[in-house]
Amino acid sequence: MVELLAPAGDMQCLKAAIHAGADAVYVGGSRFGARAYAHNFDEQELCEAIDYVHFFGKKLYVTLNTLLKDDEIKDVPSYVKPFYESGLDGVIVQDFGVVKVLKEHFPDMEIHASTQMTVTGSEAALELKEMGICRVVPARELSIEEIRAIYDATGMEIESFIHGAMCYSYSGQCLFSSFLGGRSGNRGRCAGPCRLPYDILDENGKKVNSDKEHYPLSLKDLGTLEILPELMEAGIASFKIEGRMKSPEYVAGVTSIYRKYIDLYLVNKEKFKIEEKDINHLKNLYTRGSMETGYYKRHNGREMVTLSKGSYENSVSDYTNEIKTRYVEQDKKLSVCGRANFRIGEPGSLEIWLSGDKGEQKNTVRVLTSVDVMAAQNRPMEEDDLRRQLMKTGNSDFVFTELVIEKDKDLFIPNKELNELRRNGLEKFNTK
């Protein structure tokens with residue numbers, strides 16, 4: 001299995017990602033993340049986000065992927081501690097000093113090497129493995145073969161970008177924004193100067209670019225649907241979508257499409273085929289020019305650059321409205337199974353559980369009514385009467401996908417007791 005990892009700049013994006021099928025999300029906190037101008041999460045929001053994704057059995061990683069100043073590193077333990085205590089699943093790091101501090105204070109926490117570390121080969125990856133890092137996000141400039149070589153040599157988890165914006169410069173090595181405006185990309189404050197218009201001059205000062213080509217440094221967006229099978233066979237453990245500055249509709253739309261094709265390939269490789277409509281949907285979700293497969297299949301090339309455009313196209317279509325309705329505005333509910341038992345002269349009971357991959361019961365809870373089931377004096381309760389009351393999960397975070405009811409004939413129990421039984425069962429399950 002591979003992990004589909006989605007970005008989240010705020011809680012709405014996080015929920016949209018989970019609703020659309022992400023296995024994990026990565027977010028930035030209030031400090032030390034490489035997207036200083038995203039909304040990001042304060043301490044309370046981030047702890048709530050961890051609880052939310054764990055409720056659905058998903059994971060959350062926090063970015064600490066900037067270079068820190070000496071007087072900042074001392075603050076890392078106190079900054080990370082509340083997230084660690086909430087069950088944070090991992091931290092994405094660029095600074096070796098941060099790695100050292102995290103290993104000292106949180107020795108069992110997963111540490112992932114950010115693409116900002118510019119890991120381009122197995123030698124660097126092995127060094128990181130020796131330091132206790134369990135996952136590496138290689139530099140984006142690597143080919144499929146080079147990524148496979150890192151995996152074969154190290155056995156480490158590999159996390160690679162499959163969709164989103166591409167940088168012109170090497171991962172973690174660009175100083176363009178710093179030189180032009182004092183805003184460092186390695187401090188999370190890149191001003192994006194590669195997206196601005198430029199003219200190219202020869203040694204005599206003569207312009208060599210055409211009047212329609214003013215964006216020689218602005219790369220097209222990465223899109224890998226067409227090579228997804230090759231990436232899935234390359235030893236990549238986590239497929240990462242770029243976009244912590246993007247909208248909930250973008251996050252949900254891109255996540256849902258890659259979820260569709262990852263699952264399709266896992267179920268039946270022979271029937272893997274991409275529908276043209278899905279390619280068009282991705283192009284309409286805020287793309288810069290058009291999509292390319294990045295460096296996975298080529299070393300460089302003119303076709304990777306937008307040339308005539310540097311900004312995003314924001315296309316509002318029926319599809320974006322559909323995504324908004326399906327994933328952004330709807331609350332996701334956790335599917336649970338249940339079994340109710342009603343015997344005259346005994347308390348009624350309700351069991352609730354999650355169904356595992358092989359059909360096994362997980363996290364089972366059991367609750368009882370406060371009164372015994374009675375024999376009916378007039379109209380007995382039928383199975384449909386009992387089912388109707390117990391299935392009313394309303395505004396809770398749960399929905400019954402299966403509910404087995406076992407009962408005696410000619411019984412009666414007040415609806416108030418059934419409602420209380422359901423409510424107690426769901427509350428107990430929620431806190432398990």
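The values are calculated or read from the model by the stated rules, or taken from the named source; none is laboratory data. This is a predicted model, so every value here is computed, not measured. As a convention, Cβ positions derive from the backbone with ideal geometry for all residues, glycine included, and neighbour counts pool all protein chains shown. Surface areas here come from the heavy atoms of the whole protein model, side chains and all, with no ligands, DNA or RNA. Shrake-Rupley method; radii C 1.70, N 1.55, O 1.52, S 1.80 Å.
From the largest down, the chain spans 103, 50, 38 angstrom on the principal axes of its Cα atoms. Both radii come from the Cα set of the range 116-170: Rg as radius of gyration, Rh as Kirkwood radius; their ratio Rg/Rh reads 0.95.
Note on Lys332 and Thr393: their simple-model spin labels are 1.4 nm apart, each label 7 Å out from Cα toward Cβ.
Short to long, the 10 Å bins of the Cα pair-distance histogram for the range 158-235 hold 15, 33, 30, 17, 4 percent of all pairs.
Share of carbon and sulfur in the accessible area of the chain stands at 47%, probe radius 1.4 Å. Amide H to amide H, with H built 1.01 Å from N, Leu307 comes under 5 Å of Tyr215, Ser218, counting only residues 5 or more places away or on other chains. Kindly report, to the nearest 10 Å², the accessible surface of Phe83 as traced by a 1.4 Å probe over protein heavy atoms only. It works out to around 10 Å².
Taking Cα centroids, how far is the range 228-299 from the range 62-132 in Å? What the calculation gives is 28 Å, centre to centre.
Which value results when the Cα radius of gyration for the range 109-229 is divided by 2.2 N^0.38 Å?
1.29
Of Met304, Met374, which has the most accessible area and how do the rest follow, probe 1.4 Å?
Met374, Met304
Span-like helices, the chain: DSSP H, alpha-carbon axial extent 27 Å or more, mean Kyte-Doolittle 1.6 or greater, which ones?
On the way: long enough: 248-267 (28 Å, 0.34).
The answer is none, since no helix passes both cut-offs.
For the range 399-406, the Karplus equation 6.51 cos²θ - 1.76 cosθ + 1.60, evaluated at θ = phi - 60°, returns couplings of 9, 7, 9, 8, 9, 8, 10, 10 Hz by residue, with Gly and Pro reported as x.
Once the Cβ-Cβ distance of Gln173 and Met1 is raised to the sixth power relative to R0 = 30 Å, the FRET efficiency obtained is 0.35.
Take every pair of alpha-carbon atoms less than 8 Å apart whose residues are at least six positions apart; their mean separation over the length of the range 69-144 yields a relative contact order of 27 percent.
Ranked by solvent-accessible area (1.4 Å probe, protein heavy atoms only, all chains present), the residues Glu48, Glu85, Glu159, Glu270 order from largest to smallest as Glu270, Glu85, Glu48, Glu159.
Which order, highest average first, do 223-230, 179-186, 91-98 follow once you tally other Cβ atoms within 10 Å for each residue and take the mean per peptide?
Numbers: 223-230: 17.4, 179-186: 14.9, 91-98: 21.8.
Packing proxy ranking, top to bottom: 91-98, 223-230, 179-186.
So if each residue of separation counts as 0.36 nm, and I subtract the Cα-Cα distance between Asp42 and Asp211, what length gain in nm does that give?
Details: separation 169, 0.36 × 169 = 60.84 nm, distance 4.58 nm.
Length gained, Asp42 through Asp211: 56.3 nm.
Between Glu383 and Lys271, the FRET efficiency estimated from the beta carbon spacing at R0 = 51 angstrom works out to 0.80. In the chain, helical runs assigned H by DSSP with n ≥ 4 each contribute -39500 (n - 2.57); averaged across all residues and rounded to the nearest 500, the mean residue ellipticity at 222 nm is -9000 deg cm²/dmol.
Under 8 Å for C-alpha pairs, at least 6 residues apart: give me the relative contact order for the range 336-432, rounded to a whole percent.
Working: 171 pairs, mean separation 35.9, N = 97.
Relative contact order, the range 336-432: 37 percent.
Using R₀ = 35 Å, calculate the FRET efficiency as 1/(1 + (r/R₀)^6) where r is the Cβ-Cβ separation of Thr120 and Thr431; round to 0.05.
On the way: r = 47 Å, r/R0 = 1.33.
Calculated value: 0.15.
Grab the Cα-Cα distance for Glu104 and Ser308, subtract it from 0.36 nm times how many residues apart they are, and report the gain in nm with one decimal. Spell out each step's value before the answer.
Details: separation 204, 0.36 × 204 = 73.44 nm, distance 4.96 nm.
68.5 nm is the gain from fully extending Glu104 to Ser308.
Computed over the alpha-carbon pairs of the range 68-133, the distance histogram in 5 Å steps reads 3, 16, 29, 24, 17, 8, 3 percent, short to long. The accessible area of Met245, taken with all protein chains in place and a 1.4 Å probe, comes to roughly 110 Å². For the range 366-416 versus the range 202-224, the spacing of their alpha-carbon centroids is 69 Å.
Projected area of the range 316-432, taken from the Cα convex hull and averaged over every viewing direction, in nm²? Don't skip to the end; give the middle numbers.
Numbers: hull surface 37.4 nm².
Dividing the Cα hull surface by four gives the mean projection, 9.3 nm².
Computed with a 1.4 Å probe over protein heavy atoms only, the accessible surface of the range 61-121 comes to 40 Å² per residue.
Contact order normalised by length for the range 192-324, with contacts defined as Cα pairs under 8 Å and 6 or more residues apart; what percent is it? Please report the intermediate quantities before stating the final value.
Numbers: 147 pairs, mean separation 48.8, N = 133.
Relative contact order for the range 192-324 comes out at 37 percent.
In the full protein context, the range 229-330 carries 48 Å² of accessible surface per residue, based on a 1.4 Å probe and ignoring ligands, DNA and RNA.
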